[in-house]
Amino acid sequence: MTTNPAPHGDEADAAVTAGLRALSQSYPDMPSQVAERLERTLAELPELTAPDTALAPAPKPKQPWWRRRYALASASLAVAAFVAGGILIAQFTPMNSDAATNAEGNSESSVQPFDKERDNPGENDQSEKDSGTDSEGSAYRMSYSGTDYSESDLARARGLSATGDKAALDPALEPLSTDKSVRDACLSELTGTYGGSVESVDFGQYEGEPAMVAVVADESSGGTVAAVGPDCRSGDPQVLGSAKF
């Protein structure tokens, strides 16, 4: 039994077309309405265009070897210049900062702040003489009212608020009013005699005579206001008058 070889090419297409045509003859005719609709649909379809089959652009030709070496050498020189500049900056910066530090140190050493104790020691001595602190270290108020006290009104020295003018005092009171050591010796004698501590001191007069009036307060028994003469000293307070309160 022999078989015919399978058709190829145009013969195969013609055989397929003939077979389809033979099969379609057994089908009923397509309704005219359907055929018209298909024709209209096919007529409305846009025209098909072939896809873009343009060739891809050809790659750029490779640069010659000498151009590539030139670009590499330029990049290397740029990096070397950047590194060299950083090294130079690092070398000069510490020198400048050290110079600025030395200049600042020289300026500070040449101009020193005013030291009251070093530059004007006499002022400390004078302020110490005029300070309102008795020999025991307790603070007291000093005034120079110039008031002429009497035995009956010595107590008003406690409420005295006016400071007065030190320059207007009798010159005989100068040692007590200006020299702290002289005043402390006198006040120590008063606190030893009456007890307590010095609350305030006022320079003026007692019944027309120059005097220092001291308020010596004692928390337990009240206190004493004593008027002493300009020569008040340790061992001889020269009390001109006193009053309890």
### Task
Output the qualifying pairs, or none if there are none: Cβ atoms under 9 angstrom, residues six or more apart or on different chains, first residue in region 225-245 and touching a residue at least 24 places away in the same chain (Cβ under 8 Å), second residue open to solvent by 50 Å² or more (accessible area, probe 1.4 Å) and assigned to a loop (DSSP other than H, G, I, E, B).
V225/F245; A227/E207; V228/Q238; P230/D170; P230/Q238; C232/Q238; L240/E207; G241/E207
### Answer residue from region 205-223, given it is crowded, with 19+ Cβ neighbours inside 10 Å and either hydrophobic (A, V, I, L, M, F, W, C) or modelled with pLDDT under 95 (or both) and is farthest from the chain's Cα centre (by Cα) among those
A211
### Query
Counting only residues that are charged (D, E, K, R) and at pLDDT 90 or above, which one in region 130-150 is farthest from L187 (Cα to Cα)?
D148
### Message
Restricting to region 161-180, and then to whatever is touching a Phe, Trp or Tyr at 6+ places or on another chain (Cβ under 8 Å), in a helix (DSSP H, G or I) and small (G, A, S), can you tell me which residue is most open to solvent (accessible area, probe 1.4 Å)?
### Response
A168
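The values are calculated or read from the model by the stated rules, or taken from the named source; none is laboratory data. Note that the structure is predicted; figures quoted are calculated from it, not measured. A quick note on method: Cβ atoms are made from the backbone with ideal geometry, for glycine too, and the neighbour counts reach across all protein chains shown. These area figures cover heavy atoms from the full protein model, side chains too; ligands, DNA and RNA do not enter into them. Shrake-Rupley method; radii C 1.70, N 1.55, O 1.52, S 1.80 Å.
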